[in-house]
Amino acid sequence: MFIDTAKLAALPLPIIDMPVSDLLWHFDMPIWAKDETDDWNLTPWEVIEGNPNTMVHRKRVDQADIQYPILVTNYKSKLVILDGVHRLVKIYENGSKVVRAKMIPAEYLSQKAFQT
């Protein structure tokens, strides 16, 4: 099961300012694949540091459109990004301390209308 982030983004929910620091824990997680691999073996920190085999995600960060808010939910008292890590990296690299975010209530995630 996957979440339809386009449908979640279209929800008429308020856009809030959220501290970037509250979301930096995502940068420690291997959430992407290194170039020419098919595994979750790349952290955002590695892209930020310019490590080898990170060009695909470096390009995605560079092309990320930060006018769109990231999508976040609260899961077990932790803020979790549902969509927008590339945008968050770009915002972080630009030196911003705040990111625009749409808080998605957790109950939406289990609704069939928002699953693919």
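The values are calculated or read from the model by the stated rules, or taken from the named source; none is laboratory data. From a predicted model like this one, the values you see are computed outputs, not experimental measurements. We place every Cβ from the backbone using ideal geometry, glycine too, and count neighbours over all the protein chains shown.
Within the stretch 30-38, the presence of a residue that is aromatic (F, W, Y), more than 12 Å from the chain's Cα centre (by Cα) and either crowded, with 16+ Cβ neighbours inside 10 Å or assigned to a strand (DSSP E or B) (or both) is excluded. Counting only residues that are in a helix (DSSP H, G or I) and not charged (D, E, K, R), which one in the stretch 100-116 is surrounded by the fewest Cβ atoms within 10 Å (Cβ to Cβ)? Ranking the qualifying residues of the stretch 100-116, first place goes to A113. For K97, the stated conditions hold: it is surrounded by fewer than 11 Cβ atoms within 10 Å (Cβ to Cβ), over 23 Å from F2 (Cα atoms), at pLDDT 95 or above and among the basic types (K, R).
In the stretch 54-75, the residues that are farther than 27 Å from L109 by Cβ reach residues that are surrounded by fewer than 16 Cβ atoms within 10 Å (Cβ to Cβ) with C-beta atoms within less than 7 angstrom, at least six apart or across chains, in these pairs: T54/D35; M55/D35; V56/D35.
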